[in-house]
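Report on the structure given below.
The values are calculated or read from the model by the stated rules, or taken from the named source; none is laboratory data. Remember, predicted model here, so these are calculated numbers, not experimental data. Glycine also receives a Cβ, built like all others from the backbone with ideal geometry; neighbour counts cover every protein chain displayed. Heavy atoms of the whole protein, side chains included, go into the accessibility calculation; ligands, DNA and RNA do not. Shrake-Rupley method; radii C 1.70, N 1.55, O 1.52, S 1.80 Å.
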Amino acid sequence: MTLEETAMTFTELTADLETPGPDWRRTAVVYQIYPRSFADSNGDGIGDLPGITHRLPALAELGIDAIWLSPFYKSPQADAGYDVADYRDVDPVFGTLADFDAMLERAHGLGLKVIVDLVPNHSSDEHEWFQAALAAAPGSPERDRYMFRDGRGENGELPPNNWESCFRGPAWTRTTNADGTPGQWYLHLFDTKQPDWNWENPEVRAEFLDVLRFWLDRGVDGFRVDVAHSLIKAPGLPDQEPAEQAAQDAETDGFFLSGPMWDQDRVHEVYRGWRALLDTYSPDRILCAEAWVPSLDRLARYVRDDEMHQAFNFGYLESEWDAAHLRATIDKSVAANEEVGAPTTWVLSNHDVVRHVSRLGLPAGPRPNGIRAGDVQPDHELGLRRARAATLLMLSLPGSAYMYQGEELGLPDHTALDDDLRQDPTWWRSQYTEAGRDGCRVPLPWEADEPGLGFGPGGATWLPQPDSYATLARDRQDEVEGSTLEMYRTALAFRRAFALAVGTIEWIETAPGVLQFVNGELTIVANTGNQAVPMPEGELLMSSVELADPTTLPADTTVWLLTEVFNESQS
């Protein structure tokens, strides 16, 4: 019997013992879909909503609870849709509102919740309100919706302050008046085509409440909130201190953690208002924060009982593959969230970071912002082994977990992408020194022998797929014992059957380099060291690799063991 069959058998045997489950917002496994790279229905090489609808059954049988869609709104696509021109419509490259409705209906029919991305820090410069602001005079109501300021210097030739963009370069761009003379400056913490909203303006706050209502009334189950820590800026927009600037320059991913533009206390009043709105809807709806903040205690503020339900644990994502570091991060995360009565939300990969298969195959050190052909290349075999072990560790932890599309296939980044094909604005704003995020956004491989690996009809893909994707295609792993896909299926089935998401962690002291804890009826052991150690007692339920010797736990391996207490209770 395969591990998948064992998991399904156990689920069937315990089905009559199940009681109504806990709040899904505290336990869900959420699968991130990056729409342009998930599945293409019309052959233009770009994924779309009908493509997602077609492939949804594959996600339902994987065993996830919900999907989160990166932006699909109307946009000039300067930053892959995170530059929104119309928050209430679908970009034609992805389909129509009718296509969205069909996708939503299909997902709900398969038992999947649907979370959509919301981008409240900035809009596109093609948004009608920004175009009205450019046409209006300084000090006008139209300009007050955004962050327009006069420049410094004798003739306003210097930016209003010294802030820098997350995508490198200045965070201010100067406008040109109708008569051709230089005008005011506008703030953009990201690309020049992504002007920041002014969240001190009541009209902006009312507009976003209306956007929330639009999608909630349409039936979505909630929102992932992009750069949730950035909406409110410090009064007066003061300069960033030199020490803060140096820290920002050292951040490899471009997201700065503290300073006058990040994590201001008053941002929480915005989310209390949003939460009050969501609480009027039934069934339960969710808010999840993307907040890169300086400490886990600061992160927990976003999930207080009157604010969001989840916040991505980026401290965990950035942890080294090291037992002591991982244990410290897990303990601090759980403790900080328990203080506010919230679960922890675990994550290993997403559309903004190097996939963990590649990241864990690199020498220890700062996380790179993309990998180019001339850079140190990941050890794929080592990276995949560690990634599988890290995944089993993550899925055994209490709380919610997020997966990024393709990680269930063990996909690496495309680390040899032709520089001429890069589309991430980080690439050119960094003066071609940082590869950016394109490597983790390559279209998925579905069928190894089809053109474009089955991504869509005709074989076109908006970014080329690396050669390694053929052997990792979904059809090459489906029902193949030991494949990464089957490991995910089995782990998700066991996670649900053993209620790991609502359990607690009880640490067991063990050898250096090894993590061992009990969660409910399972003992979880992860060997992050480079030497094998004796296998603890217990009946092996599953392992991240095939074990040649059941008495030994190899390096870079995680196992789930049944405890004797559980076995006796079933006898």
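The mean accessible area for residues of region 382-523, using a 1.4 Å probe and ignoring ligands and nucleic acids, is 34 Å² per residue.
Counting DSSP beta bridges in the chain, what percent are antiparallel, to the nearest 5?
Rounded to the nearest five, the antiparallel share is 55 percent.
Normalised by 2.2 N^0.38 Å, with N the number of residues, the alpha-carbon radius of gyration of region 121-205 equals 1.02.
Fully extending the segment from Asp306 to Ala98, taken as 0.36 nm per residue of separation minus the present Cα-Cα distance, adds 71.5 nm. Taking label positions 7 Å along the Cα-Cβ direction at both Tyr281 and Asn162, the computed distance is 4.3 nm, reported to one decimal. A Förster radius of 51 Å combined with the Cβ-Cβ distance from Ala335 to Ala137 puts the calculated FRET efficiency at roughly 0.45. If you count only protein heavy atoms with a 1.4 Å probe, what accessible area per residue comes out for region 64-116, rounded to a whole Å²? Roughly 30 Å² per residue, with all protein chains present. With all protein chains in place and a 1.4 Å probe, the accessible surface of the chain carries 51 percent carbon and sulfur.
Go ahead and collect, in residue order, the members of region 44-65 whose backbone nitrogen is under 14 Å from a label point 7 Å along the Cα-Cβ direction of Glu447. Those under the cut-off are 55.
Other residues within the sphere of radius under 10 Å centred on the Cβ of Met147, judged by their own Cβ, net out at +1 (K and R +1, D and E -1). Normalising the average separation of contacting C-alpha pairs (under 8 angstrom, six or more residues apart) by the number of residues puts the relative contact order of the chain at 14 percent. Based on Cα contacts under 8 Å between residues 6+ apart, region 255-358 shows a relative contact order of 24 percent. Between Ala39, Ile371, Leu411, the Cα set farthest toward the positive side of the dipole of the chain (charges on each charged residue's Cβ, about the Cα centre) is that of Ile371. Between Ala416 and Ala373, residue separation times 0.36 nm minus the direct Cα-Cα distance comes to 15.1 nm. Here the extension length gained between Asp239 and Thr175 equals 21.0 nm, from 0.36 nm per residue of separation less the Cα-Cα distance. Modelled spin labels at Leu110 and Leu547, positioned 7 Å past Cα toward Cβ, are 3.4 nm from each other.
Averaged over its residues, region 278-358 has an accessible area of 33 Å² per residue, based on protein heavy atoms and a 1.4 Å probe.
The distance separating the Cα centre of region 462-512 from that of region 186-229 comes to 34 Å.
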